[in-house]
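The structure follows.
The values are calculated or read from the model by the stated rules, or taken from the named source; none is laboratory data. Quick caveat: nothing in here was measured; it's all calculated off a predicted structure. Heads up, the Cβs are rebuilt from the backbone with ideal geometry, glycines too, and the neighbour counts pull from every protein chain shown. What goes into the accessible areas is simple: the full protein's heavy atoms, side chains included, and nothing from ligands, DNA or RNA. Shrake-Rupley method; radii C 1.70, N 1.55, O 1.52, S 1.80 Å.
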Amino acid sequence: MRKKEKIVEDIIKVLEKIRPYLMSEGGDLEFVDFKDGIVYVRLLGACVGCGAIDFTLKEGIEQLLLEYVPEVVEVQNIL
């Protein structure tokens, strides 16, 4: 089993690749924590209150993390 530090490093690498797309629409995200397979992020800027926030979170961010970081089972937004 990989160490949490390495998993978090991999999570952040994926999130850093996603951020420019969010920023181009006036949004952003911040990594908060990784615990028990769940990645906690905070969506910022235009993402807050956006009608597509659930789609962005589950079909975008979560799907990429599930694909590239095997230890991830879910992504949740922290308000």
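Using amide H atoms built 1.01 Å from N in the peptide plane, name the residues 5+ places from E74, or on other chains, whose amide H lies under 5 Å from its own.
For E74, whose amide H was placed from the backbone, the distant partners under 5 Å are V39.
Please work out how much length the chain gains when fully extended from S24 to E59, using 0.36 nm per residue of separation minus the C-alpha to C-alpha distance, in nm with one decimal. Could the numbers behind the result be given before it?
Numbers: separation 35, 0.36 × 35 = 12.60 nm, distance 1.81 nm.
Fully extending the segment from S24 to E59 adds 10.8 nm.
At 1.4 Å probe size, with the rest of the protein present, what percent of the exposed accessible area of the chain is carbon and sulfur atoms? Write out the running numbers ahead of the final one.
Values: 2910 of 5070 Å².
Answer for the chain is 57 percent, counting heavy atoms of protein chains only.
Search the structure for amide H atoms under 5 Å from the amide H of L29, placed 1.01 Å from N in the peptide plane, and list their residues when 5 or more places away or on another chain.
L44
Still on this structure, I have one more. Assuming R0 = 30 Å, can you tell me the calculated FRET efficiency for the pair M1 and V32, based on Cβ-Cβ distance, to the nearest 0.05?
My answer for the efficiency is 0.85.
Under unit Cβ charges (Lys, Arg +1; Asp, Glu -1), what dipole magnitude, rounded to 20 debye, does the chain have relative to its Cα centre?
Approximately 220 debye in magnitude.
Can you tell me how much longer the chain between A52 and E16 gets when fully stretched, taken as 0.36 nm per residue apart minus their C-alpha distance, in nm with one decimal?
Roughly 11.0 nm would be gained on extension.
Same structure, new question: With each label point set 7 Å from Cα along the Cα-Cβ vector, what nm distance links I78 and L66?
It works out to 2.3 nm between the two label points.
Determine the per residue accessible area of the chain with all protein chains present and a 1.4 angstrom probe, expressed in square angstrom. Let's see the in-between values first.
Numbers: 5070 Å² over 79 residues.
I get 64 Å² per residue for the chain.
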